[in-house]
1. Can you tell me which residue in segment A:14-65 is nearest to A:ILE86 (Cα to Cα), limited to those that are free of Cβ contacts under 8 Å to residues at least 24 places away in the same chain and within 11 Å of chain B (Cβ to nearest Cβ)?
2. Of all residues in segment B:172-204, how many are closer than 24 Å to B:GLY23 by Cβ and out of contact with any Lys or Arg (no Cβ under 6 Å at 6 or more places or on another chain)?
3. Could you tell me whether segment A:117-128 includes any residue that is without any contact (Cβ under 8 Å) to a residue 12 or more places away in the chain, within 11 Å of chain B (Cβ to nearest Cβ) and not in a helix (DSSP H, G or I)?
4. With respect to A:SER144, determine if the residue is in contact (Cβ under 8 Å) with a residue 24 or more places away in the chain and either open to solvent by less than 30 Å² (accessible area, probe 1.4 Å) or touching a strand residue (DSSP E or B) at 6+ places or on another chain (Cβ under 8 Å) (or both).
5. Here's a check for you: in segment A:206-215, which residue that is open to solvent by 10 Å² or more (accessible area, probe 1.4 Å) and not small (Gly, Ala, Ser) is farthest from the other protein chains (Cβ to nearest Cβ)?
6. Given the criteria of a type outside the set (Val, Ile, Thr), open to solvent by 10 Å² or more (accessible area, probe 1.4 Å) and within 14 Å of chain B (Cβ to nearest Cβ), does A:SER104 qualify?
7. Can you find a residue in segment A:71-82 that is in contact with a Ser or Thr (Cβ under 9 Å, 6 or more places away or on another chain) and open to solvent by 10 Å² or more (accessible area, probe 1.4 Å)?
8. Among the residues of segment B:35-57, how many are under 17 Å from the mean Cα position of the chain (by Cα) and either charged (D, E, K, R) or under 17 Å from B:GLY79 (Cβ atoms) (or both)?
Amino acid sequence: MHEVVSSSVRPNSIGILHVGIGNIAAITGSLRRLAVKPVYVERPIDLHGLTHLILPGVGNMNELMLRLRSTKLDKAIMDFSSHGFILGICLGFQALYQYSDEGSCDCLGLLEGVVVPFSSYGQSSTNIGWSKIESFPSTHSHKSPILANSVLAHTFYFTHSFCVPVCSSTTHIVRVANRHITAASNHANIYGTQFHPELSHIHGRSVIQAFISLS
Amino acid sequence: MKQRLISTILLRDRLAYVSRRFGEYHYVGDPVNILNILSAYCVDEVMIVDTSASRSNHIDRFFLEKLRSVSDFPLAYAGGLREESQIDIVFRTGFDKIFLSACNSDLVRLAEYTQQMYGSQALGLSLDYSFDSQERIVFNPYSRKPTKHALMAYLLSLPAEVFSDILLTSVLLNGTSSGIDVDVLHLLASSGLRNPILLSGGLKHFSPSLAARLIEKNPHFSGVAASTSIFLQNYSYGSALVSLKRHEF
């Protein structure tokens, strides 16, 4: 059932990174509810003609980066970032940063910052569940255009064992045990969410819709 | 972070059932329809337990894909996972998490594989237990018999750090709606485990006050899993769900 038709979306312009890791089916389902058929990006050439690329969540960082390097998609995504919009979700979001403690590996480096174990922030080893996010008054005072103020009244689904401390690209935070971590980021045309919009019912879908409507 | 109310769908030959004390299966409906209803409820999370897969050693990939296609919420899977390739199939269909039984003879190998490929947030541990006199003992879901292992000792012998959620299911209370085993949380609180904890078995009502009481017992309490029939047959429970979803912890 398609609830929204994104008339501004050009056919074959929305891609999902597909290197055998990540919750591709759930994001595909979300896009199909928005009447968008995604292109699966398995090789650098698949990026040709795309305007938007989604890096999915669910996976291990070390394995993801190994696969990106072996397919040369790491460099291709960095090139794509100069003109296309990128949305990283959960693992895909963390991959946008410089370095991750998960597997002790370098990541794409499109955003400044590092990924650390969640256990260093929260009481638990893993952050799982639904939570509201809050705008973060960053020094740049910019707000992410994919997160309208109206969605901040609702909760989003988080599930992660690693996290990104608040940094220069942080636009939204989530509170854990009286501290806060990055819930969403934006720098230029690079966007990221630690939560899963594709699993967060209609309010999550509105985030994806706002992303694919960016031009 | 709110505590989660997780709906469990027991799958048997592509139909949804509920069980009582791990026996007495009762048909409750078509799983696809149930997921559509739960989506309308804005359910927190759904766990699919495929008992057919446990018997046949076959993961029903096409049906799981169908279930994923109607679900815009987190989906976990349990049942019949004995090989790495089966785990790959489940994640390829779009499920976000698997639960491995604590009695799975290949638990450590499968858990390490899942952690390395999909991350520990995608891996849960399911531990069923019954009672011997006053002591909680591990129940083996494969043999459908209680073991001689004490619950806490067995749990602490497992590599808990590779798992995200730990789901504890009381066989005695399963499907009885006679109240959940609150005291087991107190037991776990002194164990030093830092995993989010889910309880299952016996739930009849879940209110913010109960959730607050459970948090007091153990700060790692993360939610409850309950049969889908509770969602479908008891409207007041739906109200409890709405009430819970408004409550912040």
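1. Filtering first and then ranking leaves A:THR28.
2. Looking only at that region, the number is 15.
3. Within segment A:117-128 (the criterion being without any contact (Cβ under 8 Å) to a residue 12 or more places away in the chain, within 11 Å of chain B (Cβ to nearest Cβ) and not in a helix (DSSP H, G or I)), the answer is yes, since at least one residue qualifies.
4. Considered against the rule, which asks whether it is in contact (Cβ under 8 Å) with a residue 24 or more places away in the chain and either open to solvent by less than 30 Å² (accessible area, probe 1.4 Å) or touching a strand residue (DSSP E or B) at 6+ places or on another chain (Cβ under 8 Å) (or both), A:SER144 comes out as yes.
5. A:LEU214
6. Considered against the rule, which asks whether it is of a type outside the set (Val, Ile, Thr), open to solvent by 10 Å² or more (accessible area, probe 1.4 Å) and within 14 Å of chain B (Cβ to nearest Cβ), A:SER104 comes out as yes.
7. no
8. Of the residues in that region, 12 qualify.
The values are calculated or read from the model by the stated rules, or taken from the named source; none is laboratory data. Given the structure is predicted, the values throughout are model-derived calculations rather than measurements. Backbone-built Cβ (ideal geometry, glycine too); neighbour counts: all protein chains shown. These area figures cover heavy atoms from the full protein model, side chains too; ligands, DNA and RNA do not enter into them. Shrake-Rupley method; radii C 1.70, N 1.55, O 1.52, S 1.80 Å.
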